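Asks: Before I ask anything, here is the structure I am working with.
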Amino acid sequence: MRAEPGRSVTSKVLALLGAFSPAVPALTLSELARRAGLPLPTAHRRVAELVAWGALERGDDGRYRIGLRLWEVGSLAPRGLGLRELALPVMEDLYEVTHENVQLAVRQDLEVVFIERLAGRDAVPVLTRVGGRFALHATGVGLVLLAHAPAEVQEQVLAAPLERYTELTVTEPGRLRRCLADVRRTGYAVSDRQVTMDALSVAAPISGPQGVAAAISLVVAYDRADPVALAPLVQAAGRALSRALGDSRHAGRPAT
């Protein structure tokens with residue numbers, strides 16, 4: 001059996017897994033091969049191995065989906081697992097006070113990764129999902145994480161084209177730089193209809209011994225949002241989680 005030049009087995013397997021997305025969660029073998037850029041026989045072999053291991057599952061309709069084994073492995077990621085376990089009680093308290101969407105996120109490279117979300121029954125719909133990624137410059141948690149990111153990360157984001165999600169998305173680098181300075185000065189971020197025109201988010205940092213490790217936010221309907229009233233609640237949750245992560249700057253400080 002000859003290997004295909006230029007691609008390792010690992011790269012082929014990752015290409016197959018990367019073929020799935022929230023918009024395309026189920027694929028036939030032919031679709032998988034095409035999206036992964038692999039010959040059909042190669043895709044057939046690798047997919048069979050992934051099914052046997054549990055990374056993929058084949059439904060009665062013949063389409064393949066991500067298997068539970070990947071979720072089990074992904075849940076072991078230390079940055080998400082420990083933080084999520086610490087954060088859930090605080091997130092639940094914040095939800096009980098507000099009955100709004102509560103989100104927890106970390107930064108990975110130049111994107112936000114959401115690691116937990118509590119959604120209110122009557123809360124405004126959001127585009128994010130647990131395990132999903134989003135741009136740093138538009139969401140409340142993203143603005144917090146970007147404001148406290150290393151300078152080189154900030155410059156990379158500011159130098160790249162900034163996607164516009166709504167007419168209010170900040171896409172001008174100078175204005176975004178001023179927004180990040182405001183986040184550092186006030187201790188919280190407000191994303192006012194920057195992702196959808198019906199939602200506003202208020203976010204605060206969560207700090208550990210090495211600096212800001214994550215961010216927590218409330219996402220509320222714009223027409224009933226009061227950022228000034230919400231900010232202290234989100235900041236209190238951020239401080240509580242910072243203490244839990246061992247940030248000595250918050251030791252002994254009350255949660256509210």
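The values are calculated or read from the model by the stated rules, or taken from the named source; none is laboratory data. Since the model is a prediction, treat every value here as computed from it, not as a measurement. No Cβ is skipped: glycine too gets one built from the backbone with ideal geometry, and neighbour counts run over all protein chains shown. Please note that ligands, DNA and RNA were not included when accessible areas were found on the heavy atoms of the full protein model with its side chains. Shrake-Rupley method; radii C 1.70, N 1.55, O 1.52, S 1.80 Å.
Asks: Of all helices (runs of 4 or more DSSP H) completely enclosed by the range 1-78, which ones contain at least 1 residues that are surrounded by 11 or more Cβ atoms within 10 Å (Cβ to Cβ) and modelled with pLDDT under 90?
Replies: 9-18, 68-74
Asks: Then there is this: Somewhere in the range 225-239, is a residue open to solvent by 70 Å² or more (accessible area, probe 1.4 Å) and among the β-branched types (Val, Ile, Thr)?
Replies: Yes; the residues of the range 225-239 include at least one that is open to solvent by 70 Å² or more (accessible area, probe 1.4 Å) and among the β-branched types (Val, Ile, Thr).
Asks: Against the condition touching a Lys or Arg at 6+ places or on another chain (Cβ under 9 Å), within 19 Å of Phe134 (Cα to Cα) and not hydroxyl-bearing (Ser, Thr, Tyr), how does Leu218 come out, does it pass?
Replies: no
Asks: Taking Val190 as the residue in question, decide whether it is farther than 19 Å from Leu83 by Cβ and crowded, with 23+ Cβ neighbours inside 10 Å.
Replies: Spelling it out, it is not the case that Val190 is farther than 19 Å from Leu83 by Cβ and crowded, with 23+ Cβ neighbours inside 10 Å.
Asks: Quick check on this structure: which one of Thr169, Thr139, Thr128 is of a type in the set (Val, Ile, Thr) and surrounded by fewer than 20 Cβ atoms within 10 Å (Cβ to Cβ)?
Replies: Just a single option satisfies the conditions, and that option is Thr169.
Per-residue answers, yes or no, for (1) free of Cβ contacts under 8 Å to residues at least 40 places away in the same chain; (2) open to solvent by less than 30 Å² (accessible area, probe 1.4 Å); (3) in a helix (DSSP H, G or I):
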| position | (1), (2), (3) |
| --- | --- |
| Glu85 | yes, no, yes |
| Glu92 | yes, no, yes |
| Val97 | no, no, yes |
| Ala105 | no, yes, no |
| Val113 | yes, yes, no |
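Asks: Being of a type in the set (Gly, Ala, Ser) and surrounded by 16 or more Cβ atoms within 10 Å (Cβ to Cβ) is true for just one of Ala181, Ala203. Which residue is that?
Replies: Ala203
Asks: Sort out which residues of the range 168-198 are in contact with a Phe, Trp or Tyr (Cβ under 6 Å, 6 or more places away or on another chain), under 16 Å from Phe134 (Cβ atoms) and touching a residue at least 40 places away in the same chain (Cβ under 8 Å), and write them in order of number.
Replies: Within the range 168-198, the subset in contact with a Phe, Trp or Tyr (Cβ under 6 Å, 6 or more places away or on another chain) is 193, 195, 198.
Remaining after also requiring under 16 Å from Phe134 (Cβ atoms): 193, 195.
Val195 - this is the single residue of the range 168-198 that is in contact with a Phe, Trp or Tyr (Cβ under 6 Å, 6 or more places away or on another chain), under 16 Å from Phe134 (Cβ atoms) and touching a residue at least 40 places away in the same chain (Cβ under 8 Å).
Asks: Okay, moving on. Of all residues in the range 205-232, how many are in a helix (DSSP H, G or I), closer than 15 Å to Val141 by Cβ and not small (Gly, Ala, Ser)?
Replies: 2
Quick grid of which residues meet (1) of a type outside the set (A, V, I, L, M); (2) at negative phi:
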{"position": "Leu145", "(1), (2)": "no, yes"}
{"position": "Leu162", "(1), (2)": "no, yes"}
{"position": "Thr171", "(1), (2)": "yes, yes"}
{"position": "Asp182", "(1), (2)": "yes, yes"}
{"position": "Ser207", "(1), (2)": "yes, yes"}
{"position": "Gly211", "(1), (2)": "yes, no"}
